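The values are calculated or read from the model by the stated rules, or taken from the named source; none is laboratory data. Small disclaimer: the values here were computed from a predicted structure and weren't measured. Quick reminder, even Gly has a Cβ in these numbers, built from the backbone with ideal geometry, and neighbours come from all protein chains shown. Only protein heavy atoms, including side chains, enter the accessible area calculation; ligands, DNA and RNA are left aside. Shrake-Rupley method; radii C 1.70, N 1.55, O 1.52, S 1.80 Å.
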Amino acid sequence: MATDKSNGVLTVGIDLGTSRSAISSSTGQTAVVESFVGWPADLVARKILKRDVLVGKDALDNRTMLDLRRPLERGLIKEGSEKDVDAVRTLIEHLLTIVKKESHGEPTEVRAVLGVPAAALRTNKQYLRDALRGLFDKLIIVSEPFAVAYGLDALLHTLVIDIGAGTTDFCVMKGRYPTEDDQRTLTVAGDAIDAQLQQLVRDRYPDADFTVFMVRDWKEKYSFVGDAPKDPIVVTVPVNGVPTRIDITAEMGTACGSLVPPIVETVFDMLASVEPEFQERVRRNMIIAGGGGLIHNLGPKIQCALDKVGGGKVTVVEEPTFAGSDGCLAIGKDAPDADWVKLAR
């Protein structure tokens, strides 16, 4: 792996997510980590772990010994929390270290395009820049759904729906940079599904003992909308201390299905804002990205809802993990110098 030999510039695209964060590099390297950072809670933990900080799955696996932080709430750095700012910087430094690992020498300049929820561009952009100062030489911050659209070259008459953990973001592409009016953000997303699924299972099995981390794992393995799968969803949890198999099929369907109505309502609202002669083109060019795109049957379910407004076509991206970071990298490769904001190192 090497930086561009002509100028020594390393360009990276980063999808900064509430649950997972991904990076794509101009050298061809990619990486994804869970958006968790933890510091040893005390002397004993430090002696066992023999490390000052843990990131990603490593942090989750050792969370009982850590001051564990999930620093991005609904896709935003929690303002006023120095520890969470430190966690975000540590997370990004970890991603950069991975893509630099096999580099032949340190790059002379690091440029980053950072994908964030659309709401962050309105409320958190300068705070993000300040928090990330020193990590990069130059920075561009864009909305995640726009980054997905750019990476897929879906830049005209397209509606991108990016379903993450903290937010579901929408962006209508009209052949130019999207404006605020072209974008929406919902807080109904993966975390909301987790919370509802956890409550539904707890209500049905009050003596069962499980954590939100287990619930997330169930969702990632078995999520669906619409008709229930042929085989029931059965998981094993302690019930009064005894490992017990419980059926959570109905609860999974209800929790995941709660995502559909607000998405469909927002899609209809955004379609209504498109010029009438272009609405059909947009309806037939809708893209679902983000981890939520992995929910079984979600694309067809939303496509079916479009029958009420004349029909349409919904496509789920083939590689949701890196769709955002790859799009950010594509923007970075094409962006003129005037688009970059300088950050003193």
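Scan the range 142-173 for residues that are more than 26 Å from CYS256 (Cα to Cα), free of Cβ contacts under 8 Å to residues at least 60 places away in the same chain and assigned to a strand (DSSP E or B) and jot them down. Of everything in the range 142-173, those that are more than 26 Å from CYS256 (Cα to Cα), free of Cβ contacts under 8 Å to residues at least 60 places away in the same chain and assigned to a strand (DSSP E or B) turn out to be LEU156, MET173.
For every residue, the table says whether it meets (1) within 23 Å of GLY292 (Cα to Cα); (2) of a type outside the set (Phe, Trp, Tyr); (3) buried (at least 19 other Cβ atoms within 10 Å of the Cβ).
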position	(1), (2), (3)
ASP191	yes, yes, yes
GLN198	yes, yes, yes
TYR205	no, no, no
VAL212	yes, yes, no
LYS221	yes, yes, no
LYS230	yes, yes, no
THR236	no, yes, no
GLY241	no, yes, no
MET252	yes, yes, yes
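The set of residues from the range 310-338 being in a helix (DSSP H, G or I) and open to solvent by 60 Å² or more (accessible area, probe 1.4 Å) comprises ASP326, LYS333, ASP334, ASP337, ALA338.
Looking at the range 281-300, which of its residues are surrounded by fewer than 21 Cβ atoms within 10 Å (Cβ to Cβ), over 18 Å from the mean Cα position of the chain (by Cα) and assigned to a helix (DSSP H, G or I)? Correct list: ARG281, PRO300. Which ones in the range 9-28 are under 17 Å from TYR150 (Cβ atoms) and within 8 Å of the chain's Cα centre (by Cα)? The answer is ASP15, LEU16. Of the residues contained in the range 227-240, none is found to be of a type outside the set (Asp, Glu) and within 19 Å of the chain's Cα centre (by Cα). Scan the range 270-280 for residues that are assigned to a helix (DSSP H, G or I) and without any contact (Cβ under 8 Å) to a residue 60 or more places away in the chain and the total you get is 5. Scanning the range 130-137 turns up one or more residues that are more than 19 Å from GLY291 (Cβ to Cβ), within 19 Å of the chain's Cα centre (by Cα) and not small (Gly, Ala, Ser).
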